[in-house]
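Data block below; observations after.
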Amino acid sequence: MDAVNVGKVRKRVLVAGGAGFIGSHLCDALLADGHEVVCVDSFVTGVRANIAPLGNHPAFRLVRQDICEPLAIDESLDEIYNLACAASPPRYQADPIHTMMTSVVGAGNLLALAVRHGARFLQASTSEIYGDPEVHPQPEDYRGNVNATGPRACYDEGKRAAEALCFDYLRLGRADVRVARIFNTYGPRMRADDGRIISNFINQALRGEPLTVYGTGKQTRSFCHVSDMVAGLMALMCVEPNPKAPVNLGNPGEFTVGELAEMICKRVPGAGAVVYRPLPEDDPRRRRPDISRARNLLGWEPRIRLSQGLEETIAWFRLKSEGRRKRRRDTDSTYRQTA
Ligand code: NAD
Ligand code: UDP
């Protein structure tokens, strides 16, 4: 490891899933802190545009690879973040076997890489490991209520197995492993076609379409801005000593789906109507993190209120859809001129 100017240590950090929503923000933050980043991504849900600005960065390297295959990374690594896994229910259910393999075999391959390099390892787990929780809010010692055979199981049980694998590596002293249980996260760079609630609602509102509320809209979620999430992940990677236990990361503000629809409609002129659609199978009825552990161990808590984060995310999607419309107009007019 080389020392860098501001007294920080320059590390080489592998980010699996670095072209995805949270992963690309993490790559930005690591580079801004003066580290080198090796981004590993298969682009199954990741987007080139998320990392395009990093293409010429001298400290950034992209490895296009599926983590289900063993990784041959020759340069030394100090840290590995495993964020590689589709996170939206329609996306992870589109190829459930690959989702399970990514969670378990993929995590196993990255853990083996961590052992080979003596690298510290952080696993992106999820609030989904609590399933449809009977304890509210959810502390880390709640063991969850997951349907092991339902359509969400490929993700929930895959992530649970990955946690088990992580804690076995830790107990056996093979790697310094940390596990973050991430609750619903949102912000710029979510895919418009991702299928999750915030990207769906904002894009429906911007297109002037009714917002699709699944079920009664009384189910709740807690939404954390991506910049807060990245700060929490980096704090967990750095904290000493190793917590040796999973840590919830999320924003404890709790909102019903109906309330979220109202907040977005209020902020997008022309939006207003909602339509009700069937509730997906095994959809958790409520979710809210107990973040006492993160507060105590990491001194971390989210700073961005949902209202503020929504304004920013709406503005980002609006800009993106205007850019798309302009490109389409330019292409049409070029076509007309040449036709
Ligand atoms: P995302 O789909 O935007 O990003 C996942 C990235 O991983 C994508 O770039 C995708 O191409 C890549 N990937 C997936 N499978 C891969 C494989 N087998 N090999 C290589 N690359 C692969 O999702 P996200 O929202 O950025 O989520 C990142 C991580 O955080 C995931 O592990 C997810 O389970 C976890 N998480 C996210 C949320 C959330 O609300 N966003 C909540 C809980 C947990
Ligand atoms: N949801 C909804 N309309 C949508 C997308 C999602 O009402 O267009 C609901 C979904 O049923 C769930 C909540 O919003 O109750 C959060 O869904 P999301 O897929 O964002 O995340 P997760 O269910 O994984 O928490």
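Determine whether the range 71-84 contains at least one residue that is near ligand 1 (Cβ under 10 Å from one of its atoms), surrounded by fewer than 21 Cβ atoms within 10 Å (Cβ to Cβ) and within 21 Å of the chain's Cα centre (by Cα). No, because not a single residue in the range 71-84 is near ligand 1 (Cβ under 10 Å from one of its atoms), surrounded by fewer than 21 Cβ atoms within 10 Å (Cβ to Cβ) and within 21 Å of the chain's Cα centre (by Cα). Taking the criterion of being exposed (fewer than 14 other Cβ atoms within 10 Å of the Cβ) and out of contact with any Leu (no Cβ under 7 Å at 6 or more places or on another chain), the residues of the range 234-258 that qualify are CYS238, GLU240, PRO241, ASN242, ALA245.
If the condition is being part of a strand (DSSP E or B), within 14 Å of ligand 1 (Cβ to nearest atom) and in contact with a Lys or Arg (Cβ under 6 Å, 6 or more places away or on another chain), then the range 189-242 contributes only ARG221.
When ARG174 is tested against the conditions (1) within 14 Å of ligand 1 (Cβ to nearest atom); (2) among the basic types (Lys, Arg); (3) surrounded by fewer than 17 Cβ atoms within 10 Å (Cβ to Cβ), the lone failure is (1). Contact map, the range 21-32: residues that are crowded, with 24+ Cβ neighbours inside 10 Å and among the small types (Gly, Ala, Ser) paired with residues that are at pLDDT 95 or above and part of a helix (DSSP H, G or I), Cβ distance under 6 Å, separation 6+ or inter-chain. Pairs shown: SER24/ASN50; SER24/ILE51.
Against the criterion of being on the phi < 0 side of the Ramachandran plot and more than 16 Å from ligand 1 (Cβ to nearest atom), VAL257 does not qualify.
Evaluate the range 125-143: report whether one residue or more is under 18 Å from SER42 (Cβ atoms) and within 13 Å of ligand 1 (Cβ to nearest atom). No, the range 125-143 contains no residue that is under 18 Å from SER42 (Cβ atoms) and within 13 Å of ligand 1 (Cβ to nearest atom).
Of all residues in the range 127-153, those that are under 21 Å from GLY253 (Cβ atoms) have Cβ atoms under 6 Å from Cβ atoms of residues that are part of a helix (DSSP H, G or I) and more than 14 Å from ligand 1 (Cβ to nearest atom), 6 or more apart or on another chain, in GLU140/ARG293. So in the range 77-104, with the set limited to residues that are hydroxyl-bearing (Ser, Thr, Tyr) and farther than 17 Å from LEU122 by Cα, which one is nearest to ligand 2 (Cβ to nearest atom)? Looking at the filtered set, the residue picked out is SER88.
The values are calculated or read from the model by the stated rules, or taken from the named source; none is laboratory data. All values derive from a computational prediction rather than experimental measurement. Virtual Cβ from ideal backbone geometry, glycine too; neighbours counted across all protein chains shown.
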